[in-house]
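Notes follow once the structure below has been shown.
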2 protein chains.
Amino acid sequence: MDFNKELEERVKKANQAIEECLPKEKNIPGNLIESMRYSVLVGGKRVRPVLMGELFEIFGGTGKEIRFFQSAMEMIHTSSLCHDDLPALDNDMLRRGKKTTHAQFGEAMGILAGDALLNYAYELLFDGINEAQNKENAIRAARILSKKSGYLGMLGGQSVDVEREKTGIEGDQLEILEYINEKKTAALIEGAMMAGAALAGANDGQLEIIEKMGNRIGLAFQIQDDILDVTGTTESIGKPVFSDMKNNKETYINIVGIEEAAKKVIELTNEAVALADQLPRNTEFLKEMFSYLSLRKK
Amino acid sequence: MDFNKELEERVKKANQAIEECLPKEKNIPGNLIESMRYSVLVGGKRVRPVLMGELFEIFGGTGKEIRFFQSAMEMIHTSSLCHDDLPALDNDMLRRGKKTTHAQFGEAMGILAGDALLNYAYELLFDGINEAQNKENAIRAARILSKKSGYLGMLGGQSVDVEREKTGIEGDQLEILEYINEKKTAALIEGAMMAGAALAGANDGQLEIIEKMGNRIGLAFQIQDDILDVTGTTESIGKPVFSDMKNNKETYINIVGIEEAAKKVIELTNEAVALADQLPRNTEFLKEMFSYLSLRKK
């Protein structure tokens, strides 16, 4: 298997689905649709839709409804980036080498584009449920994704991260950081993979394995992100380096040191790979994908 | 029928559903759950859940799933208020006589509480679909509500309103204002009533009538809101008066004058009442509700 070629093809398929699903209406006053499209089309690795699609296939899924789910996944993720970048949160002007949504369209539109993308994700999920051959599976998948995105998932982690930065949160700082990484980053990776599998009919036991697997690779991905923030260049990662330090964010690196962090990335990745071996069918691409995510240089 | 007593009972039932559905977790770091609860429990007339519940009953609905839908409805509405009040949008510090979410918890939490409430609305809708006796009806109802909340509904109207205020939008100002009122306010009233009816199994023709009815009463409600902004007192309406003028917002009042606006409210209300007469069963409370909404003094 030529991993890079396989990945490129899957990213291309995900991008096609996303582009097809994006709002296209003309003759609507204002810039909302333009700012939604801009936020999504500015780029990205499409990691979550690719993982979702892969799990869907591993569990034998074939229906078109996956395209709605993959697009919804990316809308949720993009919505969170839109809001992360706002002046009241991380105040980032650059992402993926381009202006962030609020830098391009103003702060109010940065807020509203994020809102509209989050809501649109659910519009797409209902469209997907409507199209699905097996509606029970589709409802289950959408429900999982909604919970992984919410106040006990991604948004929960995001808010603890913000509060820690703004006012500080009392308690064991490593524990709090682990909570943030589990929720802010890993939850959505778990949700992507679980929803893909659930949509194809995976059972509870299988979903439990996938949740654990998503957790491990999500954490590895986040720690690698922190490592790149101190070892990469603006050019290679498409956003300012040392942004965590600038924002006064304590990361895994500050607490355990860069060597320990790098070791943790490998340990977590190995765990994810071992879990993948418990799944039915061919998980070769998935396992390569895990290495790609945790050992990436940008 | 004693309308005030009936209304009080229905509001009480809606509040019970909302309180039951609100997140209750303890031992979660940070203030997200507290800020979500604050935003919702600070009060409100619960107009949309009451209308939703009423239409559900008019069409013979009896299941418990309505409670998830009513709560989701109020979460969506509250989420939009949270974000409307932000410094980058209306910059309001007071709503319903109490501090707005960002005034109470800071700007970042104002953003994240709104996000979490919007997402949570969909978590609740999936819970409701899961519980529903008739899943097809529930999916249909949730789908309608999602579209009425989105970029072609409430959020679309909200964004045009903001842009008009910040940078101006070229074109016929009355037309643009009507677009805003149709989307920002009426869409969610339409969605509330349509979703309630759809959940109970209303057919396409009936939903069309309800959509039109929701549109008329939603517009009447908004124009009355504009009238109260110039004729009410801070004490009676629970927020600063002349806030539209302060925010440099052109309202229906500025364009057509207060007398014409008051006439329009009555005309729209009469249309809504006439449409209600086309529905099956007893719509006495619904029609009284329309008068209450359009002739309210606060």
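The values are calculated or read from the model by the stated rules, or taken from the named source; none is laboratory data. No experiment lies behind these values; they were computed from the predicted model shown. Every residue, glycine among them, receives a Cβ derived from its backbone with ideal geometry; neighbour counts consider all protein chains shown. Ligands, DNA and RNA are stripped out before the accessible areas are found, and what is left, the full protein with its side chains, is counted by its heavy atoms. Shrake-Rupley method; radii C 1.70, N 1.55, O 1.52, S 1.80 Å.
Using only alpha carbon pairs under 8 Å that are at least six residues apart, calculate the relative contact order of chain B and give it in whole percent.
Across chain B, relative contact order equals 19 percent.
Using the crude model of +1 on Lys and Arg Cβ and -1 on Asp and Glu Cβ, and no other charge, please compute the dipole size for the range B:86-163 relative to its Cα centre, in debye to 20.
So the magnitude is around 260 debye.
State the Cα centre-to-centre distance between the range A:22-90 and the range B:78-146 in whole Å.
Here the answer is 20 Å between Cα centres.
Heavy-atom accessible area per residue, the protein assembly as shown, 1.4 Å probe: how many Å²?
Accessible area per residue: 40 Å².
Please list 3J(HN,Hα) in residue order for the range A:64-79, calculated via the Karplus relation 6.51 cos²θ - 1.76 cosθ + 1.60 where θ = phi - 60°; whole Hz, with x for glycine and proline.
Along the range A:64-79, the couplings run 6, 4, 4, 5, 5, 5, 4, 5, 4, 3, 5, 5, 4, 4, 5, 4 Hz.
Using a 1.4 Å probe on the protein heavy atoms, what percent of the accessible area of the protein assembly as shown belongs to carbon and sulfur?
46 percent
Taking both sides together, what accessible area is buried at the A/B interface, probe 1.4 Å, expressed in Å² and rounded to the nearest 100?
Roughly 4600 Å² of accessible surface disappears when A and B pair.
Just to be sure I understand: chains B and A are related by a rotation, so which residue of B has its Cβ closest to that axis, and how close in Å?
Of all Cβ atoms in B, the one closest to the rotation axis yields B:Y122, 2.
List the residues whose amide H sits under 5 Å from the amide H of A:G150, counting only those 5 or more places along or on another chain, with H placed 1.01 Å from N in the peptide plane.
Under 5 Å from the amide H of A:G150: A:L155.
Where does each of B:122-135, B:72-85, B:250-263, A:189-202 land if you order them by average Cβ count within 10 Å, highest first?
Taking the mean over residues of other Cβ atoms within 10 Å, the ranking is A:189-202, B:72-85, B:122-135, B:250-263.
In the protein assembly as shown, if the dipole is taken from +1 on Lys/Arg beta carbons and -1 on Asp/Glu beta carbons about the Cα centre, which of A:A200, A:V50, B:V47 is farthest to the positive end?
A:A200
Sorting check: for B:105-111, A:170-176, which peptide has the highest mean count of neighbouring beta carbons within 10 Å, and how do the rest follow?
Taking the mean over residues of other Cβ atoms within 10 Å, the ranking is B:105-111, A:170-176.
When the Kirkwood radius is taken over all Cα pairs of chain A, what Stokes-Einstein diffusion coefficient follows at 25 °C and 0.890 mPa s, in µm²/s?
127 µm²/s
Along the range A:147-162, what does the Karplus equation 6.51 cos²θ - 1.76 cosθ + 1.60 (θ = phi - 60°) give for ³J(HN,Hα), rounded to whole Hz, x for Gly and Pro?
Calculated HN-Hα couplings, in order: 6, 5, 8, x, 5, 9, x, 3, 5, x, x, 4, 5, 5, 4, 5 Hz.
With each pseudo-label sitting 7 Å past Cα toward Cβ, what's the A:R96-B:Q16 distance in nm, one decimal?
The modelled label-to-label distance comes out at 4.9 nm.
Other chains near A:70-80: what is the mean number of their Cβ atoms within 10 Å of each residue's Cβ?
Average neighbour count from other chains, rounded to a whole number: 1.
Name the long-range amide H neighbours of A:G30: under 5 Å, sequence gap of 5 or more, or other chain; modelled H, no Pro or chain starts.
Here nothing satisfies the definition.
Considering Cα pairs under 8 angstrom that are at least six residues apart, work out the relative contact order of the range B:1-157 and quote it in whole percent.
So the answer I get is 24 percent.
Using a 10 Å cut-off on Cβ to Cβ distances, tally the other chain neighbours for every residue of A:25-36 and report the average as a whole number.
5
Taking chain B as a Gaussian network, Cα atoms linked when under 10 Å apart, which of B:R96, B:R67, B:R48 shows the biggest mean-square fluctuation?
B:R96
Take peptide A:83-89, look around each residue's Cβ out to 10 angstrom, count Cβ atoms belonging to other protein chains, and average those counts.
Averaged over the peptide's residues, the number is 4.
Starting at the first residue of the range B:50-58, write each ³J(HN,Hα) from the Karplus equation 6.51 cos²θ - 1.76 cosθ + 1.60 with θ = phi - 60°, in whole Hz, x for Gly and Pro.
Rounded to whole hertz, the list is 5, 4, 4, x, 5, 5, 4, 6, 4.
Compute the separation of the alpha-carbon centres of the range B:251-298 and the range A:178-206 and state it in Å as a whole number.
Each part reduced to its Cα centre gives a spacing of 47 Å.
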